[in-house]
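The values are calculated or read from the model by the stated rules, or taken from the named source; none is laboratory data. From a predicted model like this one, the values you see are computed outputs, not experimental measurements. Please note: Cβ atoms are built from the backbone with ideal geometry, for glycine as well, and neighbour counts cover all protein chains shown.
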Amino acid sequence: MVEYSSKLLDRTFGALANPTRRRILAQLAQGDECVTDLAQPHAMSLAAVSKHLIVLERAGLVKRRRKGRVHSLALEPKPMREAQAWLDRYRQFWEGNLDQFENYLDKLQTKETKHDNDK
Amino acid sequence: MTTINNEVQKPDDATLILRRMLNAPPELAFKAWTTAEHIQQWMRPEPGMVVPRASMDLRVGGKFRIQMKKPDGEFFTAAGEFREVKAPERLVYTWAWEKDGSVEGMPTLITVEFLKRGGQTEFVLTHSRFATVESRDNHARGWGKIAESFADFVEKA
């Protein structure tokens, strides 16, 4: 059965609804990076990039590791897996329903045809 | 559960799209999809499930509730509001799960289209994580770009 959506899932999708944050994720998908490297292609200040990173971290999409003064960032796949699971559950839900809907329509059609013939 | 005439699409924007050819005209399909008495007959996401109650106030701003019951007695109630009602070809409504009378989680958005194809109907159901068309479309733009490398990453992880 379809499970209820979690708050984390809502945060995930909220975090993804921004082009800069999606670009950051795309960069991280190529491999771990440090904050300074991430800021470069965006023509943004470190502070601005840091703000986006905090949103991504809160959504659980990114994990930060500190090595002295260097902050290294890595992509965290779990929330995306949950999003995928959401899709899979609804796919099952609707496919089951649509099989029944189709059968039911066939029955209705047969009834109506029969009714028309009886006239 | 899969049937040969069922085509499933899963784009990268957390939107589920299902298409089917229905062997009935759009008018009949629309009526069966939107009338409480009919819904009680066909809605069965899992074998053995029944719909003891359904109510549909089919107009823009009108509400619906569908109570589903599993064989073990557990209830699931789906509820929402109609956003667009264009019989017999198009229907947009929100969809949320209720538990003990209150909504659980964020409502989602469903668009159903019944397109006339000769004597048949092309049925398209779009179910999106997002309760508004705007947020769904905003999200769809751009998300596709990172999907490929991300999918690789997730598979490897």
**Request:** Identify the single condition in (1) within 12 Å of chain A (Cβ to nearest Cβ); (2) closer than 29 Å to residue A:83 by Cα; (3) out of contact with any helix residue (DSSP H, G or I) (no Cβ under 7 Å at 6 or more places or on another chain) that residue B:51 does not satisfy, given that it satisfies every other one.
**Result:** (3)
**Prompt:** Is it true that some residue in the stretch B:68-86 is basic (Lys, Arg), closer than 17 Å to residue B:36 by Cα and modelled with pLDDT of 80 or more?
**Reply:** yes
**Prompt:** Counting just the residues of the stretch A:30-49 that are among the small types (Gly, Ala, Ser) and out of contact with any strand residue (DSSP E or B) (no Cβ under 9 Å at 6 or more places or on another chain), which one comes out modelled with the lowest pLDDT?
**Reply:** A:43
**Request:** Taking residue B:105 as meeting all but one of (1) assigned to a strand (DSSP E or B); (2) modelled with pLDDT under 95; (3) at negative phi, write down the number of the exception.
**Result:** (3)
**Message:** Taking the criterion of being facing another protein chain (nearest Cβ under 9 Å) and farther than 30 Å from residue B:39 by Cα, would at least one residue in the stretch A:79-94 satisfy it?
**Reply:** yes
**Item:** Tabulated pairs, the stretch A:37-56, first of a type in the set (Gly, Ala, Ser), second assigned to a helix (DSSP H, G or I) and modelled with pLDDT of 85 or more, C-beta under 6 angstrom, 6+ apart or interchain
**Value:** A:39/A:49
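Residue-wise test of (1) in contact (Cβ under 8 Å) with a residue 40 or more places away in the chain; (2) polar (S, T, N, Q); (3) surrounded by 14 or more Cβ atoms within 10 Å (Cβ to Cβ).
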position: B:35; (1), (2), (3): no, yes, yes
position: B:38; (1), (2), (3): no, no, yes
position: B:42; (1), (2), (3): no, no, yes
position: B:57; (1), (2), (3): no, no, no
position: B:81; (1), (2), (3): no, no, yes
position: B:89; (1), (2), (3): yes, no, yes
position: B:97; (1), (2), (3): no, no, yes
position: B:105; (1), (2), (3): no, no, yes
position: B:113; (1), (2), (3): no, no, yes
**Request:** Inspect all residues belonging to the stretch A:75-87 and state whether any of them is surrounded by fewer than 14 Cβ atoms within 10 Å (Cβ to Cβ), closer than 28 Å to residue B:46 by Cα and of a type outside the set (D, E, K, R).
**Result:** yes
